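Take a look at the structure set out below.
The values are calculated or read from the model by the stated rules, or taken from the named source; none is laboratory data. Predicted model only: the values in this text are computed from it and were never measured. Cβ coordinates were reconstructed from backbone atoms using ideal geometry, including for glycine residues, and neighbour counts include every protein chain displayed.
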């Protein structure tokens, strides 16, 4: 399953971490269709940045029991949405290689 952890940095300096999922990718796809935008995952251009921001907004406001601000209003409060670099985890079942 597609997931990406991101840090959302707000203009006030606060940072929130969330995980983007297939659900939020589908939300962005629907958003693009409503706007009449053509989006190519293999060559997203600047819409790739918009996709990260929209997905973060969707994930952070996914709970149907809480108010959902308009994307444009929320977007004005955000400086950046950046993927979190996660360290690679070594496979514990593999043995270490030694030099000859």
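At a glance:
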read-out: Search result, residues across segment 27-43 that are within 17 Å of residue 2 (Cα to Cα), surrounded by 11 or more Cβ atoms within 10 Å (Cβ to Cβ) and without any contact (Cβ under 8 Å) to a residue 24 or more places away in the chain; value: 29
read-out: Residues of segment 51-67 that turn out to be over 17 Å from residue 84 (Cα atoms) and either touching a strand residue (DSSP E or B) at 6+ places or on another chain (Cβ under 7 Å) or part of a helix (DSSP H, G or I) (or both), as a count; value: 1
read-out: Qualifying residue in segment 61-70 (condition: more than 14 Å from the chain's Cα centre (by Cα), surrounded by 12 or more Cβ atoms within 10 Å (Cβ to Cβ) and at pLDDT below 90); value: no
read-out: So residue 16, is it within 13 Å of residue 5 (Cα to Cα) and without any contact (Cβ under 8 Å) to a residue 60 or more places away in the chain; value: yes
read-out: Within segment 77-100, tally of residues that are surrounded by fewer than 10 Cβ atoms within 10 Å (Cβ to Cβ) and modelled with pLDDT of 95 or more; value: 0
read-out: Subset of segment 5-40 that is in contact with a helix residue (DSSP H, G or I) (Cβ under 8 Å, 6 or more places away or on another chain) and in a strand (DSSP E or B) - its residue that is nearest to residue 60 (Cα to Cα); value: 18
read-out: Subset tally (residues that are out of contact with any helix residue (DSSP H, G or I) (no Cβ under 9 Å at 6 or more places or on another chain) and on the phi < 0 side of the Ramachandran plot) for segment 42-51; value: 5
